[in-house]
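Here's the structure we're looking at; comments come further down.
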Amino acid sequence: MNFLRSCVSHSSEVVRCVANYSVSCGRCDSPAGSNALYCMNCYNATLSDVLSPKFVNLVWERATKDTSAEQEQLVALLR
């Protein structure tokens, strides 16, 4: 998704056009489109969420939502 986000916001109009087409029109026919759909389903996000820089925060929140205080203390101890 980092690569796809960089392509969608690239300075070259050709790169942006190809990236947008592969996501919006290619969907499951393109690796980029199927990756975006997978992330949308996995993280219950919209396409604009997946392509925004805050997507990393969505992933982090989901990964840490079931973390207990004991696990956090253990990680702090190991650091």
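Length gain on complete extension for the stretch E13 to E61, per 0.36 nm per residue less the alpha carbon to alpha carbon distance?
That pair, E13 and E61, stretches by 14.0 nm at full extension.
So what is the calculated 222 nm ellipticity per residue for the chain, using -39500 (n - 2.57) for each DSSP H run with n of 4 or more, over all residues, to the nearest 500 deg cm²/dmol?
-21000 deg cm²/dmol
I need R62, R79 ordered by Cβ neighbour count within 10 Å, fewest first. Numbers along the way, then the final one.
Numbers: R62 13, R79 5.
Sorted ascending by nearby Cβ count, the order is R79, R62.
Mind listing P(r) for the chain? All alpha-carbon pairs, 5 Å bins, whole percents.
3, 15, 21, 19, 12, 9, 8, 6, 6, 2
With axes computed from alpha carbons, what is the tilt in degrees of helix 55-64 against the longest principal axis of the chain, rounded to the nearest 10 within 0 to 90?
Roughly 30 degrees, rounded to the nearest 10.
Angle, helix 69-78 long axis vs. longest principal axis of the chain, Cα atoms, 0 to 90°, nearest 10?
90 degrees
Between S6 and L74, how high is the FRET efficiency from 1/(1 + (r/R0)^6) when r is the Cβ-Cβ distance and R₀ = 35 Å? Nearest 0.05.
E(calc), rounded to 0.05, equals 0.50.
What number comes out for the charge environment of S48, summing +1 per Lys or Arg and -1 per Asp or Glu over other residues with Cβ under 13 Å away?
+1
Throughout, read-outs are computed from the coordinates displayed, never taken from laboratory work. The structure presented is a predicted model; accordingly, all values stated were derived computationally and were not measured. Glycine gets a Cβ as well: all are built from the backbone with ideal geometry, and neighbour counts include every protein chain shown.
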